[in-house]
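Colleague: My questions will all concern the structure given below.
We did not get these values from a lab; they are worked out from the coordinates using the rules stated. What you see is a predicted model, and the numbers here were worked out from it, not measured in a lab. In this analysis, Cβ positions are derived from the backbone assuming ideal geometry, glycine residues included, and neighbour counts consider all displayed protein chains.
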Amino acid sequence: MGVATGVAVVGVWAAGREEARVGTHDPSSIVVDEAAGMLVALVGHPRTLPWVLGLFLLFRLLDVWKPLGIRPLQALPGGWGIVVDDLLAGAYASLAGQLRYLV
């Protein structure tokens with residue numbers, strides 16, 4: 001979780017600077033938000049290919065659809081709106097993976 005936190009903190013700063021530089025919200029040149037979100041998705045799970053692939057696909061699905069309160073987070077100012085929605089998508093993916101243990 002420490003690495004995910006570090007990537008997220010640096011990502012908020014860097015994404016905010018890049019957004020200001022190019023003049024558009026969440027430009028495609030910014031990918032640190034996806035990296036941070038995926039790191040969150042992996043927290044507490046085995047680092048085996050099936051788990052990583054499954055969590056990646058679930059994270060991307062949540063990142064694209066933006067359900068359950070993810071979409072409004074994009075309205076946060078600067079780098080916050082770019083990174084935080086991906087962190088929540090990653091948290092939801094991780095939680096879904098944890099629920100697998102209960103079934």
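Colleague: For the range 4-69 and the range 86-103, compute the distance between their C-alpha centroids and round to whole Å.
Modeller: So the two Cα centres are separated by 14 Å.
Colleague: Arrange the following residues from fewest to most other Cβ atoms within 10 Å of their Cβ: Arg21, Arg47, Arg60.
Modeller: Going from sparsest to densest Cβ surroundings: Arg47, Arg21, Arg60.
Colleague: Pairs of alpha-carbon atoms within less than 8 angstrom and 6+ residues apart define the contacts here; what relative contact order does the range 2-102 have, in percent?
Modeller: 38
Colleague: Then there is this: Quick one, can you get me the convex hull of the C-alpha atoms of the chain expressed as volume per residue in Å³?
Modeller: 90
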